[in-house]
There are 4 protein chains.
Amino acid sequence: MASRGVNKVILVGNLGNDPEIRYMPSGGAVANITVATSESWRDKNTGEQREKTEWHRVALFGKLAEVAGEYLRKGSQVYIEGQLQTRKWQNQQGQDQYTTEIVVQGFNGVMQMLGGRQGGQGAPMGGQQQQGGWGQPQQPAQQQNYGQQNNNFAPAQQSAPQQQPQSPAPQYNEPPMDFDDDIPF
Amino acid sequence: MASRGVNKVILVGNLGNDPEIRYMPSGGAVANITVATSESWRDKNTGEQREKTEWHRVALFGKLAEVAGEYLRKGSQVYIEGQLQTRKWQNQQGQDQYTTEIVVQGFNGVMQMLGGRQGGQGAPMGGQQQQGGWGQPQQPAQQQNYGQQNNNFAPAQQSAPQQQPQSPAPQYNEPPMDFDDDIPF
Amino acid sequence: MASRGVNKVILVGNLGNDPEIRYMPSGGAVANITVATSESWRDKNTGEQREKTEWHRVALFGKLAEVAGEYLRKGSQVYIEGQLQTRKWQNQQGQDQYTTEIVVQGFNGVMQMLGGRQGGQGAPMGGQQQQGGWGQPQQPAQQQNYGQQNNNFAPAQQSAPQQQPQSPAPQYNEPPMDFDDDIPF
Amino acid sequence: MASRGVNKVILVGNLGNDPEIRYMPSGGAVANITVATSESWRDKNTGEQREKTEWHRVALFGKLAEVAGEYLRKGSQVYIEGQLQTRKWQNQQGQDQYTTEIVVQGFNGVMQMLGGRQGGQGAPMGGQQQQGGWGQPQQPAQQQNYGQQNNNFAPAQQSAPQQQPQSPAPQYNEPPMDFDDDIPF
DNA sequence: TTTT
DNA sequence: TTTT
């Protein structure tokens, strides 16, 4: 994929709600999350503490979406790397509306859970997250950061639906390159 | 300013139009620009070349806005670093609308003109930009990237105010390495 | 400060050791930390799990250094935003050596503690950090992310010395701008 | 590839020399370039203009390396996205030396030529670049930004390869918005 | 030297 | 709607 330009968003923030997971006709997963980033400062006039929170719509696709659905919960702290995408839609009155989202998919996207696993070892996660950590998986998983390079199996992509999940795990399930021994410098 | 989170956008793209400059009651400048980032790829089904352009609304404040107004033109290529901000407004039917912009201001923001000055030395810029370059200033300027740390001359900035000139210049007022020299490796 | 170029490093990782704090003649603090970022993958040939850790030298200046010294410990997870700087020095044999560091200072720099406070409320921190969190302060502090816009008081800066520490807390100890009401759009 | 951490470098700067291209035993290309980023400021004590240039070693791999070799020249302006890597080696005296480079490869890496093509159409490039532009290719090429998703050996690509030809071309196999059109706001 |  |  060639591009003339850079379109990159980096967020570190907390989820305002549990992820919402959906599946596309192709079988690919989509997770929608809202991420809060906030700033606070002391007002120089009144001297009072002020705070402003920005809410971001984030859409994760494919494997990233599945991991988000499994591990992220309301309050979880995440690192997100994706790209801005504004889509046009029409409301019930037939009027044009625009929604801007951070799309996290394919090799552009990174989703990294921050703060370590919460809830103790082996214990059931029990609903709510605290301190921004992330929870027990519904099913085993060993990775924490999904994104880039590993989405071979990432089926669901927004503007480009992928191979079906049942595709036979091809040969590119590999590290970028044997950079321990091959890099010639 | 403290914050709990990271909210960062990085763009490299071209302006879709000349900047629109306005002034706030405080006298501070605001420049609105639209920046295009595009991706192209070959459709693997049809084999045809496809392209998708994403348009970004960018609002620059203070000195950055002034520089944008002076140097940027339709077609100019820029590097932008700012933060996402969604604001709510009401249309004529009284319905809520949301607009997401990249806000470039204060020490968060960076605007860097790319591609070198176009149009030759001293010649009038004459309207249109080519190849993403930037134009003749209305008034002399030696800098190319405004933002962060240095906005001594940058009057209208959010947290702008600077150090006093008379401060006693400690020993770190110098680069750690040779510069203006050869590449040191 | 004008620049022709962008020099930015973004890290999310864990500290390999407690921060080392020093003070410059000017009184400004410097904190040196080492941050690990790691990647793991399954070797496509042997099928075994492989891991590679990269260690980064990070130097924080001014207020950022003080906060790092207060809150960060071995194992703490941090978000770092700074710039690359390679400095030349000579070893005991008089040979040139080069060291590359991520410098986090002034308005370029961001240091954000991740994962929430560890160790319970009010309890003494007691040495070791767990799960990448951060500890009890030695002295009260309300902010979590220091950097950009707020380093008014950050005295010691490497290549750009600021106002004196004893400067009388000027008017710029303020938010970027009343962006709730002033932004004219 | 999973990771626990983020290791990202973003540079915008100019090449100090023509790229050096080599080939690995595997046939893969490696391009080494040096990129300058500079800052300038007015010394508040002496009042004189000062400048500091930082030089970065950048290693590009695979297709990115080939494109760099073809199009980049001394003076070319580039956007680089890669990761930090420090390697240890021994000098002739058997002493340990460390070199830190920005590695641009696989899906982590982005290399974007900035500033438009220089030198006019069809004219021989003739050595030196001006204004940071990039040159005539040795062989036709239509893309400008190589990176992510497009590394030849990486079959699974975002909007490129992916789904099998027989996949029923769902509605997301298309841009969400009008493009090649006017700016939609 | 960290983390998982 | 989150976090501190």
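The values are calculated or read from the model by the stated rules, or taken from the named source; none is laboratory data. Owing to the predicted nature of the structure, the values given are computational and were not obtained by experimental measurement. Please note: Cβ atoms are built from the backbone with ideal geometry, for glycine as well, and neighbour counts cover all protein chains shown. Surface accessibility is based on the protein's heavy atoms, side chains included, excluding ligands, DNA and RNA. Shrake-Rupley method; radii C 1.70, N 1.55, O 1.52, S 1.80 Å.
For this structure, a couple of remarks:
- Cα-Cα over 18 Å, subset of A:Lys63/B:Lys8; C:Lys52/D:Lys88; A:Lys52/A:Lys88; A:Lys8/C:Lys8; C:Lys8/D:Lys52: A:Lys63/B:Lys8; A:Lys52/A:Lys88
- Taking the axis that rotates chain A onto chain C, the chain A residue nearest to it by Cβ, with the distance rounded to whole Å, is A:Gly115, 2.
- Residue-count net charge about A:Glu101 - beta-carbon cut-off 9 Å; Lys, Arg +1, Asp, Glu -1: +2
- The range B:3-66 and the range A:13-73 have Cα centres separated by 22 Å.
- Amide H within-cut-off set for B:Gly109, under 5 Å, with H built and near neighbours excluded: B:Gln148
- Exposure rank, largest accessible area first [B:Thr100, D:Thr86; 1.4 Å]: D:Thr86, B:Thr100
- Share of pairwise Cα separations in the range A:21-112, more than 19 Å, in percent: 53 percent
- Using a 7 Å Cα-to-Cβ projection, B:Ile183 label spacings across copies, nm, ascending: 1.7, 3.7, 4.1
- Inter-copy label distances for A:Thr99: 2.0, 5.0, 5.1 nm (label point placed 7 Å from Cα along Cα→Cβ; shortest first).
- Mean partner shielding of peptide C:12-24, defined as the number of other chain Cβ atoms within 10 Å of each residue Cβ, is 2.
- Ligands, DNA and RNA excluded, the heavy atoms of A:Arg57 present near 130 Å² of accessible surface to a 1.4 Å solvent probe.
- Pseudo-label separations to other copies for B:Glu51 - Cα-to-Cβ vector, 7 Å, nm: 3.5, 4.6, 4.7
- With each label modelled as a point 7 angstrom along the Cα→C-beta vector, the B:Thr99-B:Ser26 pair spans 2.0 nm.
- Note on B:Phe185 and B:Asn45: the model spin-label points, each 7 Å out from Cα along the C-beta direction, lie 4.8 nm apart.
- Relative intensity, log₁₀ I(q)/I(0), of the range A:38-82 from a Debye sum that treats every alpha carbon as a point, q = 0.19, 0.20 Å⁻¹: -0.71, -0.75
- Per residue solvent-accessible surface (Å²) - the range C:3-85, probe of 1.4 Å: 35 Å²
- Area accessible to solvent at B:Ile10, 1.4 Å probe radius, in Å²: 0 Å²
- Environment charge of A:Ala36, counting only residues whose C-beta is closer than 12 Å and scoring Lys/Arg +1, Asp/Glu -1: +1
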